[in-house]
Amino acid sequence: MIRRGLISLALLAACGGLSSCGYHVVGKTDLLPKEIRTIAIPAFGNLTNRVRFSDALPSALTREFIRRTRYRVVADPNEADAILSGAVTQYSSYPILIDQATGRPSGVQVIAVMQVRLTERVSGKVLFDRPAFEARQRYEISLDQLAYFEESGQAIERLSQETARTLVAAVLENF
């Protein structure tokens, strides 16, 4: 009985030591200043010839901030404590799989590169800055002409959602 008590005490001490060592679950930390309560996410700029991704990104970021954080997202940057601004600087897509029988692409890789910055509105202090934030998404193309379904729209939606998840985690953890 005494031995069990000592083992339990040793395990408890080890757990207590681990909890104070600085490790945390990814995506659960918030390193932004406590004064920040509202964030504005205006339309992203676009330096490419593809507009759908830059159009979808602000709403995906808004949903992700609302879903995962304590921050209120406001439409007017003049009413926000911080402003998350950005621009899509590069957008490329290229085939990654080729059907051997037809020579047509059957899989596509999309890569988008963005400039992203979170700025405290009143002071102008930069809280987060990534001049080359990269996002990727793959999608498949049906080879059957009758069943052909263009998936690029869904791929862009998935790309914006995944980018929002990754970007919000990076902002919160200042990673």
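In table form, for the structure just shown:
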item	result
Residues residue 96 and residue 122, FRET efficiency given R0 of 35 Å [Cβ-Cβ distance, rounded to 0.05]	0.15
Karplus (6.51, -1.76, 1.60) ³J(HN,Hα), θ = phi - 60°, over the range 121-132, in Hz, Gly and Pro reported as x	4, 5, 8, x, 5, 7, 8, 7, 8, 10, x, 9
Sequence-distant residues sharing a close amide H with residue 37 (under 5 Å, placed H)	81
Mean Cβ count within 10 Å, highest first, over the residues of peptides 110-121, 127-138	110-121, 127-138
Rough spin-label spacing in nm, given labels placed 7 Å along Cα→Cβ, for residue 47 and residue 140	3.6
With 5 Å bins from 0: P(r) over the range 28-173, alpha-carbon pairs, percent	2, 9, 18, 20, 16, 12, 8, 6, 4, 3, 2, 0, 0
J(HN,Hα) series, the range 69-76, from Karplus relation 6.51 cos²θ - 1.76 cosθ + 1.60, nearest Hz, glycine and proline x	10, 8, 7, 9, 9, 10, 7, 8
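Read the figures in this text as sums done on the coordinates, not as results from a lab. Nothing here was measured: the structure is a model prediction, and the numbers come from that model. Here the Cβ is made from the backbone with ideal geometry for all residues, glycine too, and neighbour counts use every protein chain on show.
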